[in-house]
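Q: I'd like to ask you about the structure that follows.
The values are calculated or read from the model by the stated rules, or taken from the named source; none is laboratory data. Keep in mind it's a predicted model, so treat the numbers as computed, not measured. Note that each Cβ is placed from the backbone with ideal geometry, even for glycine, and that neighbours are counted across all protein chains shown.
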Amino acid sequence: MADRLNILFITADQWRGECLSALGHEMVKTPNLDALAREGVLFRRHYANAVPCGPSRASLHTGMYLQNHRSGTNGTPLDARHTNWAKEAAKLGYDPVLFGYTDTSQDPREEDPDSPWLRTYEGPLPGIRPVCMMGTWPTPWTDWLKGEGYEVPSDIRFAYGHRAPGTEYEDGAAAPRPLVYPKEADDTTFLTNRTIDYIAGSDKPFIAHLSILRPHPPFVAPEPFNAMYDPEEVPGFRRKENAEAEGAQHPWLEHQLSRKHFRAPANERKLRRLKAVYYGLMSEVDEALGRIFTFLKESGRWDNTLIVFTSDHGEQMGDHWLIGKCGYFDASYHIPLIIRDPRREADGARGTEVDLFTENVDIMPTMLDLIGAEIPVQCDGASLRPFLEGRAPEKWRSEAHWEFDFRDPADDSAEKRLDLTMHQCTMNVIRDEKYKYVHFTKLPPLFFDLEKDPDEFVNRAADPAYLPLVLEYAQKLLSWRMNHDEQTLTHISLTDDGPVARPATRY
């Protein structure tokens, strides 16, 4: 065990994939993540497999597509029969620990009827030990704030967005109002400090999952990050002239834009303020991660720690008049991925970038592969180890895939508006370098020519010139789903000589 790798597995919630200065973003500055990329591998075309947080993290932590783990919404239980990276690492003697949250909805069949985990979707991943668990209720942080003499809202859920008094930017202020707490005391710094404290006190190989809320809403940043980016200077929004014109693209989009919670503010100054603060929160996360990286170097752990940085999903941030994460647009699914592998075998790949499509289902197989654990048959993804060692895999996917389950057991408005049953509130997406195909269970499909229309404005599904391609991509999507049907026991046959097993790759 002594010579085993440490793992620092970092997720920053709701981080759009292009928002790294290493990728040439016109505004966002991420010097510490850029430095990590120079010492590791940057995956340019990395995608989440689902939204929102719960379904996406279920894929991230189990290595399974939504069609197999079936935790399709925030609150849909994750079947206890599925394993995950934490359980598998524990078999090798690791003690996987959590700082933040995993948004795992617990299987009610495994819980006592009075369990508090049956009253929230924000349960812990089975097999992980929460050291500092913070989600909607940031109790460890707010308790610490009180102990330090800071005033905390009576409803501690509002501490994340507790603004300093004053005028807001859209009402004439020169900059967005900051968080009332200084950066030395905010939630990102608090969680970072707890992680450093834990690692500093660890005398054996560790696996720590640091799950940071930011840049997820509320879009409120401490000074100086609230004013780091000028709202007037942020890039514009990729959208049609108004939400009504946008919604004409598809019935689902028209429905989504009718929902106040997902429709971007009409006030341009407010939307620009949100985007500027969104960027500021990213730079704050980058600064916090820089402190962890410095600590790992100074404590002698840098050269034995695998670092994985990614997100659970992206953010529309006004594009297509949407806010949040939903649907089929790339902005909700394209996310960053940087992996620094400390092993000597990875030296030749340092500073390289990968243009092939990678997905969050690849993270679990990668971590398990690098610590010498067996990769479970349930995993739909594959280890990224070849890329980390500077060699191309013999076979690899040529598209990205994701799913969106927009059912809501507590709200049947989509079913009524779109004439669907609850189980028909689903869509599947396949996209490659040139085209994107979106298939709905019982709604018209969408097809985009990404070379001619990178912002996804023109649906060509009914264009006669594109019909052969629409058919081709519908068949590709069907073949992908068939190839990735749940296969946990399908490689086993019971014979006269007993069970015979022959695992096979997905590609």
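Q: If you scan the stretch 148-161, which residues turn out to be over 25 Å from the mean Cα position of the chain (by Cα) and closer than 15 Å to residue 182 by Cβ?
A: 148, 149, 150, 151, 152 - these are the residues of the stretch 148-161 that are over 25 Å from the mean Cα position of the chain (by Cα) and closer than 15 Å to residue 182 by Cβ.
Q: Of all residues being part of a helix (DSSP H, G or I) and either among the hydrophobic types (A, V, I, L, M, F, W, C) or more than 30 Å from the chain's Cα centre (by Cα) (or both) in the stretch 171-198, which is nearest to residue 8 (Cα to Cα)? Just the residue, please.
A: Across the stretch 171-198, the extreme among qualifying residues is 196.
Q: So, one more: Select from the stretch 84-106 the residues that are small (Gly, Ala, Ser) and over 17 Å from the mean Cα position of the chain (by Cα) and write down the one among them that is farthest from residue 486 (Cα to Cα).
A: 93
Q: Of the numbered conditions (1) under 30 Å from residue 206 (Cβ atoms); (2) assigned to a loop (DSSP other than H, G, I, E, B); (3) not charged (D, E, K, R), residue 363 satisfies every one except a single condition; which is it?
A: Failed condition: (2).
Q: Among the residues of the stretch 144-165 satisfying the criterion of being of a type in the set (A, V, I, L, M, F, W, C), touching a residue at least 12 places away in the same chain (Cβ under 8 Å) and not in a loop (DSSP other than H, G, I, E, B), which is farthest from residue 226 (Cα to Cα)?
A: It comes out as 144.
Q: Please verify whether the stretch 85-101 includes one or more residues that are touching a helix residue (DSSP H, G or I) at 6+ places or on another chain (Cβ under 9 Å) and either farther than 28 Å from residue 383 by Cα or polar (S, T, N, Q) (or both).
A: Scanning the stretch 85-101, I find no residue that is touching a helix residue (DSSP H, G or I) at 6+ places or on another chain (Cβ under 9 Å) and either farther than 28 Å from residue 383 by Cα or polar (S, T, N, Q) (or both), so the answer is no.
Q: Tell me, which residue of the stretch 473-507 that is closer than 25 Å to residue 84 by Cα and small (Gly, Ala, Ser) is farthest from the chain's Cα centre (by Cα)?
A: 493
Q: Going through the stretch 369-398 one residue at a time, which ones are outside any loop (DSSP other than H, G, I, E, B) and not hydrophobic (A, V, I, L, M, F, W, C)?
A: Selection gives 369, 385, 386.
Q: Just one of the numbered conditions (1) under 19 Å from residue 107 (Cα atoms); (2) touching a residue at least 24 places away in the same chain (Cβ under 8 Å) is not true of residue 69; which one?
A: Of everything listed in (1) under 19 Å from residue 107 (Cα atoms); (2) touching a residue at least 24 places away in the same chain (Cβ under 8 Å), residue 69 misses just condition (2).
Q: Out of curiosity, is residue 226 under 30 Å from residue 134 (Cβ atoms) and not hydrophobic (A, V, I, L, M, F, W, C)?
A: For residue 226, the condition - under 30 Å from residue 134 (Cβ atoms) and not hydrophobic (A, V, I, L, M, F, W, C) - is met.
Q: Sticking with this one: For the subset of the stretch 218-271 comprising residues that are of a type in the set (A, V, I, L, M, F, W, C), under 30 Å from residue 187 (Cβ atoms) and not in a loop (DSSP other than H, G, I, E, B), which member is farthest from the chain's Cα centre (by Cα)?
A: 227
Q: What residue, of 64, 27, is surrounded by fewer than 21 Cβ atoms within 10 Å (Cβ to Cβ) and of a type in the set (A, V, I, L, M, F, W, C)?
A: Among 64, 27, only 27 is surrounded by fewer than 21 Cβ atoms within 10 Å (Cβ to Cβ) and of a type in the set (A, V, I, L, M, F, W, C).
Q: Looking only at the stretch 51-101, which residues are out of contact with any Pro (no Cβ under 6 Å at 6 or more places or on another chain) and hydroxyl-bearing (Ser, Thr, Tyr)?
A: 56, 59, 62, 65, 73, 76, 94, 101
Q: I'm trying to understand the selection: among the residues of the stretch 297-309, which are surrounded by fewer than 20 Cβ atoms within 10 Å (Cβ to Cβ) and either touching a Ser or Thr at 6+ places or on another chain (Cβ under 7 Å) or closer than 25 Å to residue 183 by Cα (or both)?
A: Scanning the stretch 297-309 gives 297, 298, 299.
Q: Only strands (runs of 3 or more DSSP E) wholly contained in the stretch 399-507 count here; list those with 3 or more residues that are touching a residue at least 60 places away in the same chain (Cβ under 8 Å) and surrounded by 15 or more Cβ atoms within 10 Å (Cβ to Cβ).
A: 400-405, 426-431, 435-440
Q: Run down 40, 63 and say which single residue is out of contact with any helix residue (DSSP H, G or I) (no Cβ under 6 Å at 6 or more places or on another chain) and at pLDDT 95 or above.
A: Only one candidate passes the filter, namely 40.
Q: Which of the numbered conditions does residue 261 fail, given that it passes all the others? Conditions: (1) at pLDDT 95 or above; (2) over 27 Å from residue 174 (Cβ atoms); (3) not hydroxyl-bearing (Ser, Thr, Tyr).
A: Every listed condition holds for residue 261 apart from (1).
Q: For residue 355, are the conditions met, namely being in contact with a strand residue (DSSP E or B) (Cβ under 9 Å, 6 or more places away or on another chain) and under 22 Å from residue 34 (Cβ atoms)?
A: So residue 355 fits the description; yes.
Q: Tell me the residue from 109, 57, 81, 129 that is modelled with pLDDT of 95 or more, over 16 Å from the mean Cα position of the chain (by Cα) and under 25 Å from residue 190 (Cβ atoms), please.
A: Exactly one of 109, 57, 81, 129 is modelled with pLDDT of 95 or more, over 16 Å from the mean Cα position of the chain (by Cα) and under 25 Å from residue 190 (Cβ atoms), namely 129.
Q: Go through (1) closer than 16 Å to residue 13 by Cβ; (2) assigned to a strand (DSSP E or B) and name the single condition residue 130 misses.
A: The one condition residue 130 does not meet is (1).
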